[in-house]
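Asks: Mind looking over this structure? Questions follow.
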Amino acid sequence: MPNLKSPVALEQLRNHIMTRRPPEQITVSVCGGTGCHAYKCEDVAAALRQELACHPGGRDVVMKVTGCHGLCERGPLMVIHPQGIFYQRVKPGDVPEIVAETVFGGRFIDRLLYTGPGMDAAALREDDIPFYRKQQRLIFGNNGLIDPTSIEDYMAIGGYSSLAKALFAMKPADVIEEIKVSGLRGRGGAGFPTGLKWEMCASAVAHDGARYVICNADEGDPGAYMDRSLLEGNPHSVIEGMIIGAYAVGAGTGYVYVRHEYPLALKNLRTALIQAERYGLLGDNILGSRFNFRIRISVGGGAFVCGEETALLFSIEGKPGNPRQRPPFPARQGLFGKPTVLNNVETWANVPVITGLGGPWYARLGTRNSKGTKIFSLVGKINNTGLVEVPMGITLREIVFDIGGGIPGGKGFKAVQTGGPSGGCLPESLLDLPVDFDRLIEAGSIMGSGGMIVMDGETCMVDVARYFTHFLTEESCGKCVPCREGLDRMLDILTDITEGRGRPEDIELLQELGEAIKSASLCALGRTAPNPVLSTLRYFRDEYDAHIRGGRCPAGVCKALISCSIDTARCNGCGLCARECPQVAITGEKKQAHVIDQGQCTRCGLCKDLCKFDAVVIS
Amino acid sequence: MKTDLEKVAAIIDRYDRHCDGLVSILHEVQHEFHFLPEDAVRMVAEFLGLPLVQVYGVATFFKAFSLQPRGEHTISVCMGTACHVRGAPNVLNEIKRHLGIEPGENSPDMKFRLETVNCLGACALGPIVVIDSEYEGEVNSGKVKKLLDKHKAAVMEKVHA
Amino acid sequence: MVQVRIDGIRTVVPEGTTVLEAAETMGIRIPTLCHYPGLSPFGGCRVCLVEVKRGDRSPLEASCTLPVDEGQVILTASRKVMEARRVVVELLLSSCPSSKTLQDLASQLGINRVRFKIKERECILCGRCVRYCKEQMRSGGIDFVGRGMASTVSSAFGTTPAECRNCGGCQWVCPVCERACLAGDLLNGLCGGCHNAAPVETCLVCTHCSESVGAGGHRVFHQ
Ligand SMILES: Cc1cc2nc3c(=O)[nH]c(=O)nc-3n(C[C@H](O)[C@H](O)[C@H](O)COP(=O)(O)O)c2cc1C
Ligand code: FES
């Protein structure tokens, strides 16, 4: 492999790669993201490899396993270029037909095409699918085009040209200025202006000149996985962003802090780092610019709080991840006491785009105070589960209904929770809220890292508040009192309510405790942790009242407040539930409607899950 | 059981004996021995030049580490938000009932270990159960028994082979 | 030198001073717990909260870890501060009800009930002992282990650390006297804090019937 010694050499290499890739080249890409992996996409890939090997024309077809395409609901996904035909839910058994019919025959296979609610005809290409049509996939779109383990693929789409531009056509201060002009705000949660952070770091005094840049890939929010998909699907874009950032602030070493739960992201990142080093894009004298920079990997150990920047720094230093008070901010005193820029994966991935296309261009996207696009992970009770990238300022309704395809099963939309565990639950009346950093905070939620969990009529909001509080209690580092003790006591109260022991005064107590935790905690974990409780109290107060005063759970979730019974009209007496019931609470003659003994029943829900006739009713 | 400290030393050396590798080193040690043996932890502290109590603190801070031996096969139930709203608690209860253990515990024969995790990032398939890196999607409590039987059989087969 | 305004009074202090120290020089008393002279600031107990006026926002910060900043406007006993501080002390008291220090603090703040479930931990994780051992004795045999509600102060593997010189400093600085109370074996029983144990009156509501205590609450015993 060539060690690139100048920007010209990089361009020559790019041209060389392009000449080997005519536009009419047939390419079949199989999505290999973790979502599709769980659908066993590797079997599809293996079948395809075998099929192409057997086929006489198979040698001329390029096959790629790419990163996540976003529409995880319909995995495994396959796209056939140059036409861009989009197949979903592909099984290994479909592969011979795909190769014969579509790859070489140019015909579509109707059953593999996407159809969805509100569509007249099946969609042929990604762009025909409503899920993709409203998106603006500036950062995430390349995932489907490149093989993440191939640096050449990344170069073929213009990769590392922004780096060359920064190193040779811009001074470090120019790069910072460009980022400032773009209005980019951190995508990790707090939305701090990135340019300002870089400027702070660049101007901080570093005694031995050492500075660091860090990529925060700890992504602990349950239900959010865009950072992982970027690292898995396009690691070079993050690396390129980091090198540009390092050049701007004068850092010699970078770290990527990755969750250990993300093995594929780690693997692809390691491969990418090795490739970048071989090509001379990392290491000494990058592209002959005399700029030196290296990246090391640091791995997490399963602690949500380590996503908090000061905790993350301690963790890299080999200490437990307890956050500390800021100031001093990491930009002045960070890793090993040196000025440090710490940004989120998605923030870094935006940097090459801004450097390449310019700050003013980028600043045209989004709203007044929130520029650019944001990737959200749309999960929960939604038809199109997946990752979506949209311009800031789009409304929740557009995301949930136009892109997400609405709620399955006709249960009706109840709430969307944004911002991960410490975000808030927003009700239907706020569906027209434009999504940007400031508007979400006004509504009592946060942008967070971009998780969006959709809830329907079967979701109990008190149970959800309890769930998040439980999560945060477990993830609290334990350093400061309001967060450690306060969340624990809050959980006690919520558990009481969901188990039927709630008292009318509890609501006021929750409110008071929530406000205190929010204002008194040391780090942002505690300062946002009461959001789920406070926002559900604000928007779903009636559900709390139903639990406390009415002694019932309207959504039928809280076990102490519900009962299971069998709808005699539907039960045909198959006896499956009676055989499996752990409490032996179900009795009945064969072929006769069964009954549940309410005294024995523990409402585990097994019978409901087992019943093929939907005869178990929860009330 | 005696810990093979040479293996530990080799792992530490792979990370240049730099403290920024502490968590990675502990991961590898745990991978090797299925848990963190006390003498290995002492060795890591000594080689990296860190106070022992600090390394111990890190080992107890992170959920991924265990200072006690763990069961051979790990069953992880995803309790992430998306899985929660789709019914993961019922699935977990059912698995607990079948194995007779709580999350964080091992089955008496040390074959299985039950764990909960917060989001595996495959939310489209929730609720998810992962048995030794094999993903099982769209699980509900009714499917648990079959799932466990399948894996128990697979484990037995391996034992016999 | 930096000029700041605390509770409406202007003062000038050297750069690097904390707000707590600045207030002290003016005779304004801010209650503290994890703070200890001679030890590095920790910021864990949150008793020393103050309100910092920043435009239309006025966040609460721990004064013991907050460095003064030019033109800063600080309120040490505003309503917002007192409300949060009271909840914090109430929480502390519910985890260490028999600590004399905490009872005195509660009494100063006019707290006469605990509405949360009492979970006696006998340690509030203020970390004074940890920092004393590390910073004053240069020993560092004890530290925080575990996480969240499960975190404790301990030595590695729970055995007597090789570094311990038996100085007893950890027990001496402990505000809830947990370590002192266990100090029966220490030669001179340094602080005598074990005699501080005073019972908390509990109400009928909380005996085994429920997880939390509710707004009716425990009454706290104090002199
Ligand atoms: C409890 C907690 C968890 C966090 N988790 C993450 C995370 O998983 N990923 C992330 O990028 N930022 C996370 N953050 C935000 C970081 O502290 C920090 O603000 C961010 O990484 C800065 O990068 P940005 O400016 O690019 O957003 C978390 C913050 C808190 C308080
Ligand atoms: S005294 Fe300031 S936080 Fe404890």
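Asks: What number goes with the only condition from (1) of a type outside the set (Lys, Arg); (2) outside the structural domain of A:GLY337 (by TED's automatic domain parsing); (3) in contact with a Pro (Cβ under 8 Å, 6 or more places away or on another chain); (4) buried (at least 20 other Cβ atoms within 10 Å of the Cβ) that A:GLY118 does not pass?
Replies: (4)
Asks: For A:TYR255, only one of the following conditions fails: (1) under 29 Å from A:ASP147 (Cβ atoms); (2) within 11 Å of another protein chain (Cβ to nearest Cβ); (3) open to solvent by 10 Å² or more (accessible area, probe 1.4 Å); (4) away from ligand 1 (no atom under 11 Å from the Cβ). What is its number?
Replies: (3)
Asks: Within the range A:505-525, which residues are in contact (Cβ under 8 Å) with a residue 40 or more places away in the chain and more than 9 Å from chain C (Cβ to nearest Cβ)?
Replies: A:ILE507, A:CYS523, A:ALA524, A:LEU525
Asks: Right, another one. Identify, from the list C:VAL68, C:VAL47, C:VAL87, the residue that is surrounded by 20 or more Cβ atoms within 10 Å (Cβ to Cβ), within 14 Å of the chain's Cα centre (by Cα), more than 14 Å from ligand 2 (Cβ to nearest atom) and among the aliphatic types (A, V, I, L, M). Walk me through how you get there before you give the answer.
Replies: Values: C:VAL68 fails: within 14 Å of the chain's Cα centre (by Cα); C:VAL47 fails: more than 14 Å from ligand 2 (Cβ to nearest atom).
On inspection, the qualifying residue turns out to be C:VAL87.
Asks: Another question about this same structure. Does A:ALA303 meet the test of being within 14 Å of ligand 1 (Cβ to nearest atom), touching an Asp or Glu at 6+ places or on another chain (Cβ under 8 Å) and within 14 Å of chain B (Cβ to nearest Cβ)? Step through it out loud before you land on a result.
Replies: On the way: within 14 Å of ligand 1 (Cβ to nearest atom): yes; touching an Asp or Glu at 6+ places or on another chain (Cβ under 8 Å): yes; within 14 Å of chain B (Cβ to nearest Cβ): yes.
Yes; evaluated as a whole, the condition is true for this residue.
Asks: Still on this structure, please answer the following. Out of C:LEU102, C:LEU92, which single residue is modelled with pLDDT under 95, outside any loop (DSSP other than H, G, I, E, B) and within 8 Å of chain A (Cβ to nearest Cβ)? Can you show your working first?
Replies: Working: C:LEU102 fails: within 8 Å of chain A (Cβ to nearest Cβ).
So the residue among C:LEU102, C:LEU92 that is modelled with pLDDT under 95, outside any loop (DSSP other than H, G, I, E, B) and within 8 Å of chain A (Cβ to nearest Cβ) is C:LEU92.
Asks: Taking the criterion of being among the β-branched types (Val, Ile, Thr), touching a His at 6+ places or on another chain (Cβ under 8 Å) and open to solvent by 50 Å² or more (accessible area, probe 1.4 Å), would at least one residue in the range A:563-575 satisfy it? So that I can check it myself, show each step before the final result.
Replies: So in the range A:563-575, the residues among the β-branched types (Val, Ile, Thr) come out as A:566, A:568.
Applying the additional criterion that residues be touching a His at 6+ places or on another chain (Cβ under 8 Å) yields A:566.
With the extra rule that they be open to solvent by 50 Å² or more (accessible area, probe 1.4 Å), the set shrinks to none.
Among the residues of the range A:563-575, not one is among the β-branched types (Val, Ile, Thr), touching a His at 6+ places or on another chain (Cβ under 8 Å) and open to solvent by 50 Å² or more (accessible area, probe 1.4 Å), which makes the answer no.
Asks: While we're on this one: List every residue pair whose Cβ atoms sit under 7 Å apart, with the two residues 6 or more apart in sequence or on different chains, where the first one lies in the range C:35-46 and is within 11 Å of C:LEU20 (Cα to Cα) and the second, anywhere, is near ligand 2 (Cβ under 6 Å from one of its atoms) and open to solvent by 20 Å² or more (accessible area, probe 1.4 Å).
Replies: Filtered contacts from the range C:35-46: C:PRO41/C:HIS35.
Asks: Looking at (1) more than 27 Å from C:ASP69 (Cβ to Cβ); (2) assigned to a loop (DSSP other than H, G, I, E, B); (3) open to solvent by 40 Å² or more (accessible area, probe 1.4 Å), which is the only condition A:TRP361 fails?
Replies: (2)
Asks: On to the next question. Applying the selection to the range B:29-44, what residues are facing another protein chain (nearest Cβ under 10 Å) and open to solvent by 10 Å² or more (accessible area, probe 1.4 Å)? Lay out the reasoning, then the answer.
Replies: Within the range B:29-44, the subset facing another protein chain (nearest Cβ under 10 Å) is B:30, B:38, B:41-42, B:44.
Across the range B:29-44, the qualifying residues are B:GLN30, B:GLU38, B:ARG42.
Asks: Failed condition for A:ILE274, given (1) open to solvent by 10 Å² or more (accessible area, probe 1.4 Å); (2) within 13 Å of ligand 1 (Cβ to nearest atom); (3) aliphatic (A, V, I, L, M), with all others met?
Replies: (2)
Asks: Something else: Six or more apart or on different chains, Cβ atoms under 7 Å: show the pairs whose first residue is in the range A:397-421 and under 30 Å from A:ALA303 (Cβ atoms) and whose second is hydroxyl-bearing (Ser, Thr, Tyr).
Replies: A:THR418/A:SER445; A:GLY419/A:SER445; A:GLY420/A:SER449
Asks: Consider C:CYS133 carefully, then state whether it is more than 20 Å from C:MET82 (Cα to Cα), outside any loop (DSSP other than H, G, I, E, B), more than 16 Å from ligand 2 (Cβ to nearest atom) and away from chain A (no Cβ under 12 Å). Reasoning before the result, please.
Replies: Numbers: more than 20 Å from C:MET82 (Cα to Cα): yes; outside any loop (DSSP other than H, G, I, E, B): yes; more than 16 Å from ligand 2 (Cβ to nearest atom): yes; away from chain A (no Cβ under 12 Å): yes.
Criteria met by C:CYS133.
Asks: Would you check if there is a residue in the range A:488-504 being in a helix (DSSP H, G or I) and within 16 Å of ligand 1 (Cβ to nearest atom)? Show your work before the answer.
Replies: As a first pass, look at the range A:488-504 and keep what is in a helix (DSSP H, G or I): A:488-498.
When the remaining residues are screened for being within 16 Å of ligand 1 (Cβ to nearest atom), the result is none.
No, that holds for no residue.
Asks: Assuming A:GLY188 fulfils every condition listed in (1) in a loop (DSSP other than H, G, I, E, B); (2) surrounded by fewer than 19 Cβ atoms within 10 Å (Cβ to Cβ); (3) in contact (Cβ under 8 Å) with a residue 24 or more places away in the chain apart from one, which condition is it?
Replies: Single failed check for A:GLY188: (2).
Asks: Pairs only if they're at least six apart or on different chains, beta carbon under 6 angstrom, first in the range A:458-479 and more than 8 Å from every other protein chain (Cβ to nearest Cβ) and open to solvent by less than 10 Å² (accessible area, probe 1.4 Å), second within 14 Å of ligand 1 (Cβ to nearest atom) and part of a loop (DSSP other than H, G, I, E, B); list them, first residue then second.
Replies: A:LEU472/A:ALA529
Asks: Continuing with this model, one more query. Of all residues in the range A:191-232, count the ones that are within 22 Å of A:PHE304 (Cβ to Cβ) and either part of a loop (DSSP other than H, G, I, E, B) or assigned by TED's automatic domain parsing to the domain that holds A:GLU389 (or both).
Replies: Within the range A:191-232, the subset within 22 Å of A:PHE304 (Cβ to Cβ) is A:191-192, A:214-232.
From what's left, either part of a loop (DSSP other than H, G, I, E, B) or assigned by TED's automatic domain parsing to the domain that holds A:GLU389 (or both): A:191-192, A:218-225.
The qualifying residues number 10.
Asks: Need the failing condition index for A:ARG439 against (1) outside any helix (DSSP H, G or I); (2) open to solvent by 30 Å² or more (accessible area, probe 1.4 Å), just the number.
Replies: (1)
The values are calculated or read from the model by the stated rules, or taken from the named source; none is laboratory data. All figures in this text were calculated on a predicted structure; none of them were measured in a lab. Glycine gets a Cβ as well: all are built from the backbone with ideal geometry, and neighbour counts include every protein chain shown. Side chains are part of the model used for accessible areas, which takes the heavy atoms of the whole protein and leaves out ligands, DNA and RNA. Shrake-Rupley method; radii C 1.70, N 1.55, O 1.52, S 1.80 Å.
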